[in-house]
Amino acid sequence: MSTADEISLLGFVNTPILVGDPEGYVVFANKAFVRDLTPDGNSPHGEPLHSLFAGGGREAMLAAVAEVCSKGESIKFRLREGGAGYLAIASPI
């Protein structure tokens, strides 16, 4: 568990939450994200966003991030990963 999990309410939300920086690296992943979306159960902190998902999931996530960066508005998108489907929201923060 990272220090961010210990001091942020996001660490206690039972929905996967991932935060990336402007350079495209993970700066926060809550426990639900690690549990549901990382095969090895390790925090992806510091890893490039593009390395977290395979195939269509990677494309969906990167397209959403690019759209949020260009428009500055939240968007909803679908993500399928590890046999499960997610309705995701990408937001500027």
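The values are calculated or read from the model by the stated rules, or taken from the named source; none is laboratory data. These figures come from a predicted structure and were not determined experimentally. When we count neighbours, we look across all protein chains shown, and the Cβ atoms used for this are built from the backbone with ideal geometry, even at glycine. Just the protein is used for accessible areas: all its heavy atoms, side chains included, with ligands, DNA and RNA removed. Shrake-Rupley method; radii C 1.70, N 1.55, O 1.52, S 1.80 Å.
At a glance:
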| item | result |
| --- | --- |
| Residues within the range 6-35 that are farther than 25 Å from Cys69 by Cβ, charged (D, E, K, R) and modelled with pLDDT under 90, tallied | 1 |
| Sole residue being open to solvent by 20 Å² or more (accessible area, probe 1.4 Å), hydrophobic (A, V, I, L, M, F, W, C), without any contact (Cβ under 8 Å) to a residue 12 or more places away in the chain and not in a loop (DSSP other than H, G, I, E, B), chosen from Val27, Val34 | Val34 |
| Residue check, Glu81 out of contact with any strand residue (DSSP E or B) (no Cβ under 7 Å at 6 or more places or on another chain), modelled with pLDDT under 85 and buried (at least 18 other Cβ atoms within 10 Å of the Cβ) | yes |
| One residue from Pro39, Pro16, Pro92 being in a loop (DSSP other than H, G, I, E, B) and crowded, with 17+ Cβ neighbours inside 10 Å | Pro16 |
| Qualifying residue in the range 44-52 (condition: part of a loop (DSSP other than H, G, I, E, B) and over 14 Å from the mean Cα position of the chain (by Cα)) | no |
| Pick from the range 51-78, criterion under 20 Å from Val34 (Cβ atoms) and surrounded by fewer than 13 Cβ atoms within 10 Å (Cβ to Cβ), ranking: modelled with the highest pLDDT | Ser51 |
